[in-house]
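Q: To start, I am sharing the structure in question, which I have written as structure tokens.
The values are calculated or read from the model by the stated rules, or taken from the named source; none is laboratory data. As the structure is a computational prediction, the values presented were derived from the model and not from experiment. No Cβ is skipped: glycine too gets one built from the backbone with ideal geometry, and neighbour counts run over all protein chains shown. What goes into the accessible areas is simple: the full protein's heavy atoms, side chains included, and nothing from ligands, DNA or RNA. Shrake-Rupley method; radii C 1.70, N 1.55, O 1.52, S 1.80 Å.
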Amino acid sequence: MAKVLVTGGTGYIGSHTVVELQNEGFEVIIIDNLSNSNIDVLNGIEKITGVRPAFENIDCVDYVSMDKMFEKYNDIDAIIHFAASKAVGESVEKPLLYYRNNLVSLINMLQLMPIHKVKNFVFSSSCTVYGQPDILPVTESAPIKPALSPYGNTKQIGEEIIRDTIHANPSAYNSIILRYFNPIGAHPSAEIGELPNGVPNNLLPFVTQTAIGIRKQLSVFGDDYNTPDGSCIRDYIHVVDLAKAHVIAVKRMIEEKNSSNVEIFNLGTGRGLSVLEILRTFEKVNNLKLPYKIVGRREGDIEKVWADPTYANEVLGWKATETVEETLRSAWAWEQNLAKRSKEE
Ligand code: UD1
């Protein structure tokens, strides 16, 4: 049974990926410092898959602890490195926290991999590296635009660190860089989902928390963009579709099917939806009314971006298949399950 180390494995995308890995028979070791997730996620993963993954509370910034962890689990076949800070606004206020968390952890990982003879590495990147693309849908060869936040910069620099490290030592590594568009939704079991600490920055958790009454009203950031209804457009992808791409990426490297040792793929649906379309569809499929108001633009927002996922479709043999309706239903089912749980406590 192949072993996969998942950093940030109790987080939103991480936990859904652990489920898909375990469903495919992989043995998973999670490391997470629980800075933006909860240990209870392990119960959800166990409920869905029947298997409780190994867990170590380790901060990837801590080189010595990471080294010890690699000694303990000494036959890891691949790493998926999710662990990172991801709040754009916070990164503007605390740039060094972001540079340290996101870059030192990556450097530690790349340094420790050859020492412990681990070759295969999946990196979580973001469509943020494209900024506002000149041509839509955006392909992997689109130019990288100057980052609009320290967070975005850590993804750009992270990609460069991987490229430079592998260029210097090509026989030691295989890597697949995955550029995520906007993951939303939750596992169909509603046992795991997105659970941000504090006030959500991202659209969907804010929507579901408003619908359940935790937040009074949703603010739509701008309706004066150059888009059909004036609100921003994104490529929203079901988190389970996204998770499945990671399993394919890991298999591709383990089976040595990768065509170079740094491959980059867009993970999106190819479909752009506006904020207002998301809100209307959420209301319709879940049969409820969302209190919202239009407010001014949010600083640093991109007007419109959606993926050309052809390369991932053809080369990875992966395609996002979930409808946005089903995805929005799953997000609501998860929020309702959370509310039920907190009542029971
Ligand atoms: C943001 C980051 C992206 C990062 C991702 C992960 C920017 C420009 N991009 O994506 O780099 O990878 O988060 O955390 O910051 N919206 C509202 N009201 C809300 C929240 C959001 O109208 O309360 C709108 C936003 O203006 C945007 C859309 O919803 O048009 C999606 O926002 P969000 O979920 O925050 O994702 P991104 O901004 O696309």
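Q: Classify the stretch 11-124 as rounded, prolate or oblate, taking a ≥ b ≥ c as the square roots of the eigenvalues of its Cα gyration tensor: rounded when a/c is under 1.5, otherwise prolate if a/b is larger than b/c and oblate if not.
A: Taking the square roots of the gyration eigenvalues as a ≥ b ≥ c, the stretch 11-124 is oblate.
Q: Next question. Given the options ASN202, ASN287, GLY222, identify the residue whose Cα lies farthest towards the positive end of the charge dipole of the stretch 195-345 (+1 on Cβ of Lys, Arg; -1 on Cβ of Asp, Glu).
A: ASN287
Q: From the Cα gyration tensor of the stretch 174-226, with a ≥ b ≥ c the square roots of its eigenvalues, which class applies: rounded if a/c is under 1.5, or else prolate if a/b is larger than b/c, or else oblate?
A: On the way: a/c = 2.47, a/b = 1.25, b/c = 1.97.
Verdict is oblate for the stretch 174-226.
Q: Once you have a ≥ b ≥ c as the square roots of the Cα gyration tensor eigenvalues for the stretch 189-345, tell me rounded if a/c is under 1.5, and otherwise prolate or oblate according to whether a/b is larger than b/c.
A: Numbers: a/c = 2.31, a/b = 1.41, b/c = 1.64.
Cα axes put the stretch 189-345 in the oblate bin.
Q: So what's the net charge close to CYS127: Lys and Arg +1, Asp and Glu -1, counting the other residues with Cβ under 9 Å from its Cβ?
A: On the way: positive: ARG179, ARG234; negative: ASP235.
Counting the neighbours of CYS127, the net charge comes to +1.
Q: Sticking with this structure for a sec: Just how much of LYS251 is accessible, in Å², when a 1.4 Å probe is used and the result is rounded to the nearest 10?
A: 70
Q: Could you pull the accessible area for GLU314 with a 1.4 Å probe, rounded to 10 Å²?
A: 140
Q: Here's a follow-up. Top to bottom by accessible area (1.4 Å), largest first, where do VAL92, VAL122, VAL41 land?
A: Details: VAL92 90, VAL122 0, VAL41 30 Å².
If we order VAL92, VAL122, VAL41 from most to least accessible, we get VAL92, VAL41, VAL122.
Q: Just read off the accessible area of TYR63 with the full protein assembly in place, 1.4 Å probe, to the nearest 10 Å².
A: Ignoring ligands and nucleic acids, TYR63 comes out at about 80 Å².
Q: Now, a different point. Gap in Å between the Cα centre of the stretch 103-127 and the Cα centre of the stretch 1-79?
A: Spelled out, the Cα-based centre of one part sits 15 Å from the other.
Q: Sticking with this structure for a sec: To the nearest 20 debye, what charge dipole does the chain have about its Cα centre, counting +1 at the Cβ of each Lys and Arg and -1 at the Cβ of each Asp and Glu?
A: Numbers: 34 positive and 43 negative charges, 93 e Å.
That gives a dipole near 440 debye.
Q: Farthest toward the dipole's positive end in the stretch 288-336, which of GLY296, THR327, TYR311, given Cβ charges of +1 (Lys, Arg) and -1 (Asp, Glu) about the Cα centre?
A: So the residue we want is GLY296.
Q: Set Lys and Arg Cβ to +1 and Asp and Glu Cβ to -1, take the dipole of the chain about its Cα centre, and tell me which of ASN174, GLY50, TYR63 lies farthest positive.
A: It is GLY50.
Q: What net charge do the residues around ALA333 carry, taking every other residue with its C-beta under 14 Å from that of ALA333, with Lys and Arg at +1 and Asp and Glu at -1? Each step should come with its number before you reach the end.
A: On the way: positive: ARG329, LYS340, ARG341; negative: GLU191, GLU194, GLU322, GLU325, GLU326, GLU335.
Around ALA333, the surrounding residues sum to -3.
Q: Next up: Give the carbon-plus-sulfur fraction of the accessible surface of the chain in %, rounded to a whole number; probe 1.4 Å, heavy atoms of protein chains only. Don't skip to the answer; put the middle values down first.
A: Values: 7600 of 15310 Å².
Carbon plus sulfur share of accessible area: 50 percent.
Q: Can you give me the accessible area per residue for the stretch 1-123, using a 1.4 Å probe, in Å²? Write out the running numbers ahead of the final one.
A: Details: 5250 Å² over 123 residues.
Spelled out: the 1.4 Å probe surface of the stretch 1-123, per residue, equals 43 Å².
Q: Would you mind putting 328-336, 302-310 in packing order, based on average other-beta-carbon counts within 10 Å, highest first? Spell out each step's value before the answer.
A: Working: 328-336: 22.0, 302-310: 20.4.
Descending packing order for the listed peptides: 328-336, 302-310.
Q: Follow-up question, since we're still on this one. With a 1.4 Å probe and all protein chains in place, put ARG163, ARG297 in order of accessible area, largest first. Write out the running numbers ahead of the final one.
A: Working: ARG163 95, ARG297 125 Å².
Final ranking, largest accessible area leading: ARG297, ARG163.
Q: Report, in debye and to the nearest 20, how large the dipole of the stretch 294-345 comes out about its Cα centre when Lys and Arg carry +1 and Asp and Glu carry -1 on their Cβ.
A: In total the dipole reaches around 200 debye.
Q: With +1 on the Cβ of every Lys and Arg and -1 on the Cβ of every Asp and Glu, and nothing else charged, how large is the dipole of the stretch 146-212 about its Cα centre, in debye rounded to the nearest 20?
A: Values: 3 positive and 5 negative charges, 21 e Å.
Using only the charged Cβ atoms, the result is roughly 100 debye.
Q: What net charge is computed for the residues neighbouring ARG215, neighbours being all others with C-beta under 13 Å from the C-beta of ARG215, Lys and Arg scored +1, Asp and Glu -1? Each step should come with its number before you reach the end.
A: Values: positive: LYS216, LYS293; negative: GLU335.
Net of charged neighbours comes to +1.
Q: Something else now. Give me the angle, in degrees from 0 to 90, between the Cα long axis of helix 275-286 and the longest principal axis of the Cα atoms of the chain, rounded to the nearest 10.
A: On a 0 to 90 degree scale, this one is about 80.
Q: Filter the cross-link list LYS289/LYS343; LYS145/LYS284; LYS47/LYS251; LYS68/LYS319; LYS119/LYS244 down to pairs whose alpha-carbon distance in this structure exceeds 29 Å.
A: Details: LYS289/LYS343 23 Å; LYS145/LYS284 37 Å; LYS47/LYS251 25 Å; LYS68/LYS319 38 Å; LYS119/LYS244 21 Å.
Flagged as over cut-off: LYS145/LYS284; LYS68/LYS319.
Q: Using per-residue counts of other Cβ atoms within 10 Å, averaged over each peptide, order 65-74, 144-153, 264-273 from highest down. Spell out each step's value before the answer.
A: Working: 65-74: 15.2, 144-153: 17.7, 264-273: 22.5.
So the order, starting with the most tightly packed, is 264-273, 144-153, 65-74.
Q: Please determine, in degrees from 0 to 90 and to the nearest 10, the orientation of helix 105-115 with respect to the longest principal axis defined by the Cα atoms of the chain, where the helix direction is its Cα long axis.
A: On a 0 to 90 degree scale, this one is about 30.
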